[in-house]
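*Asks:* Sharing a structure, written as structure tokens. Questions coming.
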Amino acid sequence: MEKLVITGGNRLEGTVEISGAKNAALPLMCTALLTDEPVTLNNLPRLADITTLSDLLNHLGVAIAIAGGKGLMMRGRSLTFDASHIADTVAPYDIVRKMRASILVLGPLVARMGEATVSLPGGCAIGNRPIDLHLKALEALGADIEIEDGYVRASAPNGLVGGVVRFPFVSVGATENILMAATLAKGTTTIENAAREPEIADLALCLSSMGARITGAGTHTITVEGVEELSGTTHAVMPDRVEAGSYAIAALMTKGNLLLKNARANDMQAALDVLSEAGGIVEVEDDGVRVRSNGHVSGFNIVTQPFPAFPTDMQAQFMTLAAVADGASVITEAIFENRFMHVPELCRLGADITVTGSSATVRGVNALRGAQVMATDLRASMSLALAGLVAEGQTVINRLYHLDRGYEHLEEKFRRVGANIERVND
Ligand code: EPZ
């Protein structure tokens, strides 16, 4: 079993190369299902989730190869996805259970093939994460939805028909699913109360380069004029704002100075505002965002909300910053019902955190002390790694597979800027 061993106390200084965004790459890979021409994606991160979705696309009949190279490797940063021959429209449980974002094949498959059967993704550690909004949106475009034996089957034998999709609350995945499906629907689709995350704009950019006719991506209302077919394209995945935010916190906590190369400030303004409030000095440079410390970390308050408000995916990491701040912070998780699993692990490291309902009150302590801790979900595992960077002594993090789902070359990136961190095998 692999573990991460971190010895705290080093100041981090230098440049961290921010990878392509996992949460942009996953829907972008699904666009390949919408066309019989090759889709090449550059700047793909080398992550377990990318491999899992590649396995699913492969199962459906999508040929995947290193762009310009031969053979089927998953480690390349540029991959070409060729869905000219869809062999199957069933996404099986044993693949979907590994990653719930597999549900993003549903919209493209039913739009291109007239049918799709996808295993219900089930919940995960941070909540039961239903897909009712995805299904209602497809029904609004004329799909017939049936659920049986743990699978959802969507069918539209005569093709999808444009319509009005009104989301009662914001859903990133449901917006992505219906945006992709609407590109091949007959007529116009309007998506109201659409998610505005930067990953949506990146997806729309890619779809437009394939010939889709989309306006309003990144705003509350997206309009799509359906087209007969889409062409292939080459698209570079946007940089990962959540990864960048995580390293920005590391700079502040270790009173260091990091250049987050390729990071785009506009994608993460709410998080940068909190960092500045907490004592960070944030400077936008030509090739990224620089974060350094003013020597002091102050408490702050956060409520997670859809973009452009503070992102839920950075909540756990900011809680670690709050744990070593002067004074108290209040962090409210308003998106997921169970996203405080990092709290008991942080308390094992000496943090002083009290959870009441969906809010956590964090009283800063002078020092954290290293201990054995357990990763419970992707972003929680990064919050533990950040704590290890400043905790006295050694912190050992178990269940690294959570980290490997979302952070490319984590220990190399931290080591390169001065952290005392290594991955060991039990
Ligand atoms: C995406 O998940 C991200 N994942 C999540 O990142 C992120 O936390 C989330 O958006 C919110 O920003 C990917 O992009 C692959 P939602 P998604 O639909 O699309 C409820 C990470 O750490 N809901 O916006 O699943 C849902 O339960 C991951 O990288 C319904 O009730 O999130 C949640 O409470 C974690 N019914 C809220 O809406 C639905 O049909 C927001 O979920 C869909 C969602």
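*Asks:* By its C-alpha gyration tensor, with a ≥ b ≥ c as the square roots of the eigenvalues, how is the stretch 122-207 shaped: rounded for a/c under 1.5, else prolate for a/b larger than b/c, else oblate?
*Replies:* oblate
*Asks:* Whole number please: convex hull volume per residue of the Cα set in the stretch 383-426, in Å³?
*Replies:* 81
*Asks:* For a 32 Å ceiling on Cα separation, which of these pairs sit above it: K3/K255; K136/K261; K98/K136; K3/K261; K186/K261?
*Replies:* K136/K261; K186/K261
*Asks:* Then there's this: Can you tell me, using C-alpha contacts under 8 Å and at least 6 residues apart, the relative contact order of the stretch 22-236 as a whole percent?
*Replies:* Relative contact order for the stretch 22-236 comes out at 20 percent.
*Asks:* Sort 176-183, 359-366 for me by packing, meaning the mean count of neighbouring Cβ atoms within 10 Å per residue, highest on top.
*Replies:* Final packing ranking: 176-183, 359-366.
*Asks:* What's the Cα-based Rg to Rh of the stretch 293-426, Rh via Kirkwood?
*Replies:* 0.95
*Asks:* What are the ³J(HN,Hα) couplings of the stretch 239-245, residue after residue, when phi is run through the Karplus curve with 6.51, -1.76, 1.60 and θ = phi - 60°? Round to Hz, x for glycine and proline.
*Replies:* Here the 3J(HN,Hα) series is x, 7, 5, 6, 4, 4, x Hz.
*Asks:* Just want the ordering: T219, T40, from fewest to most Cβ atoms lying within 10 Å of their own Cβ.
*Replies:* Least to most surrounded, the residues fall as T219, T40.
*Asks:* May I have the extent of the alpha carbons of the stretch 22-236 along their three principal axes, as whole Å values ordered from largest to smallest?
*Replies:* The Cα atoms of the stretch 22-236 stretch 43, 37, 33 Å along their principal axes.
*Asks:* While we're on this one: If one computes P(r) from the Cα atoms of the stretch 352-395, what percent of pairs lie at distances over 16 Å?
*Replies:* 49
*Asks:* A further question on this structure: If each DSSP helix of 4+ residues adds -39,500 (n - 2.57) and the sum is divided by the residues in the chain, what number results at 222 nm, nearest 500 deg cm²/dmol?
*Replies:* -8500 deg cm²/dmol
*Asks:* What does the C-alpha gyration tensor say about the overall shape of the stretch 8-59? Classify as rounded when a/c is under 1.5, otherwise prolate if a/b is larger than b/c, or oblate.
*Replies:* prolate
*Asks:* Hey, another quick one. If you average the sequence gap of Cα pairs under 8 Å that are 6 or more apart and divide by the length of the chain, what percent do you get for the contact order?
*Replies:* Answer for the chain is 21 percent.
*Asks:* Within 10 Å of each residue's Cβ, count the other Cβ atoms and sort F336, F318 from fewest upward.
*Replies:* With the fewest neighbours first, F336, F318 line up as F336, F318.
*Asks:* Here is a follow-up. Would you mind computing, in nm to one decimal, how far apart the modelled labels at Q305 and N58 are, each placed 7 Å from Cα along Cα→Cβ?
*Replies:* Between Q305 and N58, the label points sit 4.3 nm apart.
*Asks:* Residue-wise, which Karplus ³J(HN,Hα) couplings in Hz belong to the stretch 194-205, taking 6.51 cos²θ - 1.76 cosθ + 1.60, θ = phi - 60°, and x for glycine or proline?
*Replies:* Ordered by residue, 3J(HN,Hα) equals 5, 5, 10, 4, x, 5, 5, 5, 5, 5, 5, 4 Hz.
*Asks:* Between N257 and residues 5 or more places away or on another chain, which pairs have amide H atoms under 5 Å apart, with H built 1.01 Å from N, and which residues are they?
*Replies:* Residues meeting the amide H criterion: L12, E13, G14.
*Asks:* Step by step: find N for the stretch 284-336, compute 2.2 N^0.38 Å, then divide the Cα radius of gyration by it. What's the final number?
*Replies:* Compared with the compact-globule rule of thumb, the stretch 284-336 sits at 1.29.
*Asks:* Equivalent-ellipsoid semi-axes (√(5λ), Cα gyration tensor) for the chain, whole Å, largest first?
*Replies:* Taking √(5λ) for each eigenvalue gives 38, 22, 20 Å, largest first.
*Asks:* How large is ³J(HN,Hα) for each residue in the stretch 350-361, as worked out from phi by the Karplus curve 6.51 cos²θ - 1.76 cosθ + 1.60 (θ = phi - 60°), to whole Hz, x for Gly and Pro?
*Replies:* x, 6, 10, 10, 10, 9, 10, x, 9, 10, 10, 9
*Asks:* To continue, here is another question. Calculate the FRET efficiency for K186 and A367 from the Cβ-Cβ distance with a Förster distance of 60 Å, rounded to the nearest 0.05.
*Replies:* 0.45
*Asks:* To continue, here is another question. Provide, for q = 0.13, 0.15, 0.18 Å⁻¹, the log10 of I(q)/I(0) from a solvent-free Debye sum over equal Cα point scatterers in the stretch 305-361.
*Replies:* -0.30, -0.39, -0.57
*Asks:* Now for a separate question. Would you mind computing the Rg to Rh ratio of the stretch 130-264 from its alpha-carbon coordinates, Kirkwood style for Rh?
*Replies:* Using Cα coordinates only, the ratio equals 1.09.
Bear in mind that the values in this text are calculations on the coordinates, not laboratory data. Small disclaimer: the values here were computed from a predicted structure and weren't measured. Please note: Cβ atoms are built from the backbone with ideal geometry, for glycine as well, and neighbour counts cover all protein chains shown.
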